[in-house]
Structures are given as structure tokens and as C-alpha cells.
1. Just to be sure, is L80 more than 16 Å from I134 (Cα to Cα) and either touching a strand residue (DSSP E or B) at 6+ places or on another chain (Cβ under 8 Å) or touching a residue at least 60 places away in the same chain (Cβ under 8 Å) (or both)?
2. Can you tell me which residues in region 117-139 are in a strand (DSSP E or B) and farther than 11 Å from A83 by Cα?
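Taken together, the values in this text are just the output of simple stated rules run on the coordinates, not laboratory data. In this text the structure is predicted, and so the values were computed from the model without any measurement. Please note: Cβ atoms are built from the backbone with ideal geometry, for glycine as well, and neighbour counts cover all protein chains shown.
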Amino acid sequence: MSELLNKIREEAANAALELCETAKLHAGQIMVIGCSSSEIEGCRIGSDSNPEIGKAVFDAVYEVLESKHIYLAAQCCEHLNRAIIIERAAVPLAETVNVVPQPKAGGAFATAAYQGFKDPVVLEEIKADAGLDIGSTLIGMHLKHVAVPVRLKIKNIGEAPVVAARTRPKYIGGSAAIYDNELM
């Protein structure tokens, strides 16, 4: 199992790093990550929550994001309405909710985040700057408008498909408007 966990850590870290670079994320921004440990193992989403896999993915992506001062928003599973686990420092004025994720109610990844963060809080929703969906967890509800697909070199973590997105500001003003290419 340790060989598999090392492979999962490496794939997760590489995916998070590539998304940071491609999305041009900077300190203080937020990346939402949804992760199905069941899918990583090759099982149907929600059927075999694995705390070791959830922790391996969390440890890998948290290390990458923390080194860049980017906040991780860990999405819970549908049993907790895809709530978000995040560091209080990222959202000091946000309205929090009261729940503690567990492997079968929140998911292994969100549980690892809740246990691994310095000062975790739970939110019903967030609007993140980029997102990583590991295993078809449906993170789109937690991305800012407008989401733009990002094609990563990493297509899978374990057996789970990986989909990524960045966001950009909305265009306003019509045909006469001039846009800042750095924001596109």
C-alpha cells in the first residue's frame, strides 16, 4: 500500500502544482479540491472511503499550496451538501456552519483537511479562484464566474479522472470595450 500511497501523493502534488502555474494563482487566492478516495482506488464514488488515501492527497496538495501561500478549500461529499473545509484565516468574516466531517459523511479527503488544518472552519459555499476535481466530485458550484477548463498533464490520480479549472473576471462593456489580457 505504501507504494500506491507514494504514487498518489506524487500525482496529487503534480496536479496541484501544474494548476497553480497554469492558472497563475498568487498568494491569498483559493483552490477548491474535491476528492473521491473511492474513485482513486478504482471503486464507485462514495462506496469505499479510504482515510489513508484521503490523507495522502491532502498532505500532498496542502504542502504545495501552503508553500505558495494559496488557500486550500476541501470540498466535502454530498452527504454534507458539498460543504467546504478551509482555514479560518482565508475567510475571517465568513458565516460558518457546525459539522465535523467523517470518512462516510464528508469524505476521507475533507476529514483529513479538517484534521490537518491549523484552524479549520466549515462553510456552506465558497467562490474559489481555481479548482481540482479528483473523481467526479462536482466542484463547479464552488468556483467564481467564469470557469475556464484547464487541461493538465495529469489525467488521473490513481484510478480517478482529474478535471481542473481556473477562473477569470467576467467581460463587460460590449464591442467597444478594451480588456486586460493579463486577466484572461
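1. yes
2. Pass one, region 117-139, residues in a strand (DSSP E or B): 120-123, 128, 130-134.
Passing the criteria: P120, A128, A130, G131, L132, D133, I134.
Conditions (1) surrounded by fewer than 24 Cβ atoms within 10 Å (Cβ to Cβ); (2) part of a loop (DSSP other than H, G, I, E, B), marked per residue:
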| site | (1), (2) |
| --- | --- |
| D59 | yes, no |
| E63 | yes, no |
| E66 | yes, no |
| I85 | no, no |
| A89 | yes, no |
| P92 | yes, yes |
| T111 | no, no |
| Q115 | yes, no |
